[in-house]
Amino acid sequence: MKARYFRRIGILVARRGYNPSYVWRSLWGAKGLVQDGIGWRFGDGRLVKCWKEAWLVKHEKPHTPTKPTDAPEDMLVYELLTADGKGWDEEKVSRMLGEDAGLALQLPLPEFHREDLRQWVLTSDGRYSVKSGYWLAHMSKGGDDHGGELVDWWRKIWNMKIPPKIRHFLWGVIKGNIVVG
């Protein structure tokens, strides 16, 4: 599949192509959802473009900061660090990121040199799970009609140490899919 559809580029920037297979059409159709859940594990900041990539996390989703008018288009995140690379240049971060400055300053910087790495940001270990993908798809469709309240319930239910069938039942009750009383 790689040889036909994304031989010289990454899968996330590949095009659908002409007369694609059923499998490729399916993968390509889910690409947008996957892109919404992928962010950066911050390392030295030399691979992450400030204004074009989601490197911050806002409301538990990857977030790309808004580019100020006086900022260079191709600015990299490492340019927001101090000269030694061990801390944030708080003045520059505040000036360049504006309201998103707090999100950046909360990011922990690695103690030792490591490269930036793309990862799934909706799980604590950075790996994709069907549960987190489903949650993202549901929230993307506007399923969060109760604000953050539904997200809190979702977390509480799925973290309970109870049999899965009870978890599903409780989730159905809260979503209004199961009528009780």
Inside the stretch 1-81, counting only strands (runs of 3 or more DSSP E) that do not spill past its ends, which hold 3 or more residues that are exposed (fewer than 13 other Cβ atoms within 10 Å of the Cβ) and modelled with pLDDT under 90?
-> none
Which residues, taken from the stretch 88-133, are at positive phi and within 17 Å of the chain's Cα centre (by Cα)?
-> 126
Counting only residues in the stretch 110-133 that are under 13 Å from residue 55 (Cβ atoms) and among the aliphatic types (A, V, I, L, M), the one modelled with the highest pLDDT is identified as 117
Can you tell me which residue within the stretch 155-167, out of those that are surrounded by 13 or more Cβ atoms within 10 Å (Cβ to Cβ) and not basic (Lys, Arg), is nearest to residue 124 (Cα to Cα)?
-> 158
Among (1) loosely packed, with under 11 Cβ neighbours inside 10 Å; (2) over 30 Å from residue 155 (Cβ atoms); (3) of a type in the set (D, E, K, R), the one test that residue 90 misses | (1)
For residue 104, state whether it is surrounded by 15 or more Cβ atoms within 10 Å (Cβ to Cβ) and touching a helix residue (DSSP H, G or I) at 6+ places or on another chain (Cβ under 7 Å).
-> yes
Positions within the stretch 34-53 being free of Cβ contacts under 8 Å to residues at least 40 places away in the same chain and in contact with a strand residue (DSSP E or B) (Cβ under 7 Å, 6 or more places away or on another chain), in sequence order | 49, 53
Within the stretch 82-100, restricting to residues that are assigned to a helix (DSSP H, G or I) and aliphatic (A, V, I, L, M), the one that is nearest to residue 44 (Cα to Cα) is 93
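The values are calculated or read from the model by the stated rules, or taken from the named source; none is laboratory data. All figures in this text were calculated on a predicted structure; none of them were measured in a lab. With ideal geometry, Cβ positions are generated from the backbone for all residues, glycine too; neighbour counts draw on all protein chains shown.
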